[in-house]
1. What number of residues within segment 21-32 satisfy the criterion of being on the phi < 0 side of the Ramachandran plot and surrounded by fewer than 19 Cβ atoms within 10 Å (Cβ to Cβ)?
2. Output the residues belonging to segment 68-84 that are exposed (fewer than 13 other Cβ atoms within 10 Å of the Cβ) and within 23 Å of residue 35 (Cβ to Cβ).
3. Which of (1) of a type in the set (A, V, I, L, M); (2) touching a strand residue (DSSP E or B) at 6+ places or on another chain (Cβ under 8 Å); (3) open to solvent by less than 80 Å² (accessible area, probe 1.4 Å) does residue 65 not meet, given it meets every other one?
4. Of (1) touching a residue at least 40 places away in the same chain (Cβ under 8 Å); (2) surrounded by 12 or more Cβ atoms within 10 Å (Cβ to Cβ), residue 15 satisfies all except one. Which?
5. Which number in (1) surrounded by fewer than 16 Cβ atoms within 10 Å (Cβ to Cβ); (2) touching a Gly at 6+ places or on another chain (Cβ under 6 Å) marks the one condition that residue 51 misses?
6. Taking into account only those residues within segment 34-45 that are touching a strand residue (DSSP E or B) at 6+ places or on another chain (Cβ under 8 Å) and open to solvent by 30 Å² or more (accessible area, probe 1.4 Å), which is nearest to residue 75 (Cα to Cα)?
7. Look through 55, 49 and report the one residue that is more than 24 Å from residue 4 (Cβ to Cβ), touching a strand residue (DSSP E or B) at 6+ places or on another chain (Cβ under 9 Å) and not β-branched (Val, Ile, Thr).
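The values are calculated or read from the model by the stated rules, or taken from the named source; none is laboratory data. These figures come from a predicted structure and were not determined experimentally. Backbone-built Cβ (ideal geometry, glycine too); neighbour counts: all protein chains shown. When the accessible area is computed, the model is the full protein with side chains, heavy atoms only, and any ligands, DNA or RNA have been set aside. Shrake-Rupley method; radii C 1.70, N 1.55, O 1.52, S 1.80 Å.
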Amino acid sequence: MRRIDLVGVDEVPDGTMKMAYVDGTDQVLVVHVNDEFLATQGICSHEYFELDKGFLTAGTLTCALHLSRFDLASGEALDPPAEL
């Protein structure tokens, strides 16, 4: 198993998120909520749009393009137009 350090702890204050890149190309979104760090895909599954431009609310991440929500714990889309 390969370990990848995405961002420094102080680069993502609690309640914020930051896009990170693996091998210079794959976009991973690092989210810091309630003293926990989570990582999920950085691109919306509906249309190519970077999720770091969205907003965090009560355990979800909302894409700013078409307002699809994603569960932060699982990364699953909660509503369309993102792929469920």
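1. Summing the residues that are on the phi < 0 side of the Ramachandran plot and surrounded by fewer than 19 Cβ atoms within 10 Å (Cβ to Cβ) in segment 21-32 gives 6.
2. Correct list: 73, 74.
3. Of (1) of a type in the set (A, V, I, L, M); (2) touching a strand residue (DSSP E or B) at 6+ places or on another chain (Cβ under 8 Å); (3) open to solvent by less than 80 Å² (accessible area, probe 1.4 Å), only one is false for residue 65: (2).
4. (2)
5. (1)
6. Out of the qualifying residues, it is 40.
7. 55
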